[in-house]
Amino acid sequence: MRTTRLLLRSGLTLAAAAAVPTWFAGPSAALSGISVSTIGTTVSVVTSACTQSNGSWGNASLLNSGQTAFAQGRQVALAGTTVSQSAAWSGVSPGTYTVVVVCSNGGTAGTQSVIVSSAPAAPTTSSTANSTGNSAAKPVPPAPARGVMGGLGGAARDYGPLTLGIGAALVGSGVIATGWYLRKRSKPYRL
């Protein structure tokens, strides 16, 4: 009887541990497979999700806040290699934009929002006196732009639902094993 209860508990624990990765994997499927950055008034996107078909990797579109469809935005063809594809838009006015990448097979590689701030001022110079008393111009870098709105981990890389699910399963099994070990250690030894 004791063995049956132990097996039943273990089975329920394993079923719960198996359900955890699918629970965590659901929202991660919506994560972006693209990386968007902005420098001044230039917005660029990089992805590795597209494959070349008929000489094309796909297209990227920059949508302003009033646009909702891919075709309404400023479209640019992706260029690159099998490892990485990219596109860029220059002269983008300040505001919030959405970047959408559609591969040549018709699948969406990802969608991400980006904030473009006003163009940084031209570098200024300040005068400093050197050891001989002469003035020397020293460039002062412009203030940094606001940049990309970060996602999970800054959205530096999309690990996908499978990798996140496996990680969640490993963490969950570690927590369960620790609880089991501590529970066994707290009971007195019986024969």
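The values are calculated or read from the model by the stated rules, or taken from the named source; none is laboratory data. Quick caveat, the model's predicted, so the values are computed rather than measured. Note that we place each Cβ from the backbone using ideal geometry, even for glycine, and neighbour counts take in every protein chain shown. The accessibility values were calculated without ligands, DNA or RNA, using every heavy atom of the protein model including side chains. Shrake-Rupley method; radii C 1.70, N 1.55, O 1.52, S 1.80 Å.
Structural remarks
- Restricting attention to the range 84-104, the residues that are within 11 Å of residue 49 (Cα to Cα) and hydrophobic (A, V, I, L, M, F, W, C) total 3.
- Tallying residues that are farther than 15 Å from residue 34 by Cβ and under 21 Å from the mean Cα position of the chain (by Cα) within the range 66-83 yields 2.
- Qualifying residue in the range 103-122 (condition: at pLDDT 65 or above and touching a helix residue (DSSP H, G or I) at 6+ places or on another chain (Cβ under 9 Å)): yes
- Boolean, residue 132 is of a type in the set (Val, Ile, Thr), in a strand (DSSP E or B), open to solvent by 60 Å² or more (accessible area, probe 1.4 Å) and modelled with pLDDT under 90: no
- Some residue of the range 84-106 being in a strand (DSSP E or B), without any contact (Cβ under 8 Å) to a residue 24 or more places away in the chain and either closer than 13 Å to residue 36 by Cβ or open to solvent by 40 Å² or more (accessible area, probe 1.4 Å) (or both): no
- Single residue of 37, 48 found to be at pLDDT below 90, open to solvent by less than 70 Å² (accessible area, probe 1.4 Å) and closer than 27 Å to residue 160 by Cβ: 37
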